[in-house]
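K.L.:
Just dropping this structure here.
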Amino acid sequence: MTYIAACPSGCASFKGESGNVWVKIQQEGYVASRTPPWAEQLIEQGGQSGHGKWSITIPSTLPNGEYILRHEILGLHVAGELNGAQFYPNCVQIKITGGGNVALPSGVAFPGAYQPNDPGILIQLWTVSATNPAYTIPGGPILYGNGAVATSAANGSSSTSRASSSTSSTRASSASSSTRASSTSSAAGAGQTLYGQ
């Protein structure tokens, strides 16, 4: 799950711990027709973008400015018991230049977006299979960019910036022309605020 939050006064003073400021721009869960079927397994096996990394597209419609990009991996190996699901958030500050003009909508709040008994958080992992592929990804639907549930100008069709995330660090790099994202700090680690989690 990947969220983004705008830092109206710059990310140096932004904590992201109040208000519905976190907007989901990407999510991936269980896809029965894919090998391996779970997104987390793709990261383990290096499938999508190399071992230990996950790539997402920064929507080209985002206005210029500073943002926090928050990527989470959800461990479900003991999610069959209350409070057994394990969240692994990873944040990075990015700065968009050459962006668009579609502001982020209201999103979700951290803490508060997830409840211990939400579908997709309290779940017997073995119940999700090729014959029963129903899995509800927590945190609501994608609200901005490709895959957004609302039909609006926020549904960007392409982006030239990509952000790569690993479980130990997150990097943002520009691909070419128009929208550019550049990292202004390393990922949250020991002793750093994990932006509301």
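The values are calculated or read from the model by the stated rules, or taken from the named source; none is laboratory data. Keep in mind that this is a model prediction, so the values were computed, not measured. As a convention, Cβ positions derive from the backbone with ideal geometry for all residues, glycine included, and neighbour counts pool all protein chains shown. These accessible areas exclude ligands, DNA and RNA; they are computed on the full protein's heavy atoms, side chains included. Shrake-Rupley method; radii C 1.70, N 1.55, O 1.52, S 1.80 Å.
K.L.:
Of the residues that sit in the range 125-153 and are of a type in the set (A, V, I, L, M, F, W, C), at pLDDT below 90 and assigned to a loop (DSSP other than H, G, I, E, B), which one is surrounded by the most Cβ atoms within 10 Å (Cβ to Cβ)? Spell out how you get there, then give the answer.
P.N.:
Step one: of the range 125-153, the residues of a type in the set (A, V, I, L, M, F, W, C) are 125-126, 128, 130, 134, 137, 142-143, 148-150, 153.
Adding the requirement that they be at pLDDT below 90 leaves 125-126, 148-150, 153.
If we keep only those that are assigned to a loop (DSSP other than H, G, I, E, B) as well, we get 148-150, 153.
Working: 148: 19, 149: 10, 150: 11, 153: 9.
Step by step, filter the range 125-153, then rank; the result is 148.
K.L.:
Moving to a separate point now. Here is a list of conditions, (1) open to solvent by less than 60 Å² (accessible area, probe 1.4 Å); (2) more than 21 Å from residue 133 (Cβ to Cβ), and residue 111 meets all of them except one; can you say which number that is?
P.N.:
Condition not satisfied by residue 111: (1).
K.L.:
Here is a further query. Scanning for something over 27 Å from residue 130 (Cβ atoms), in contact (Cβ under 8 Å) with a residue 60 or more places away in the chain and surrounded by fewer than 21 Cβ atoms within 10 Å (Cβ to Cβ), does the range 28-44 turn up at least one residue? Break it down stepwise before answering.
P.N.:
Step one: of the range 28-44, the residues over 27 Å from residue 130 (Cβ atoms) are none.
The answer is no; no qualifying residue exists.
K.L.:
Sticking with this structure for a sec: Can you list the strands (runs of 3 or more DSSP E) lying wholly within the range 7-124 that have 2 or more residues being over 21 Å from residue 143 (Cα atoms)?
P.N.:
Result: 86-97.
K.L.:
For residue 79, which of the numbered conditions (1) of a type in the set (Gly, Ala, Ser); (2) within 30 Å of residue 37 (Cα to Cα); (3) surrounded by 18 or more Cβ atoms within 10 Å (Cβ to Cβ); (4) touching a Ser or Thr at 6+ places or on another chain (Cβ under 8 Å) fails to hold?
P.N.:
With respect to (1) of a type in the set (Gly, Ala, Ser); (2) within 30 Å of residue 37 (Cα to Cα); (3) surrounded by 18 or more Cβ atoms within 10 Å (Cβ to Cβ); (4) touching a Ser or Thr at 6+ places or on another chain (Cβ under 8 Å), residue 79 is out only on (4).
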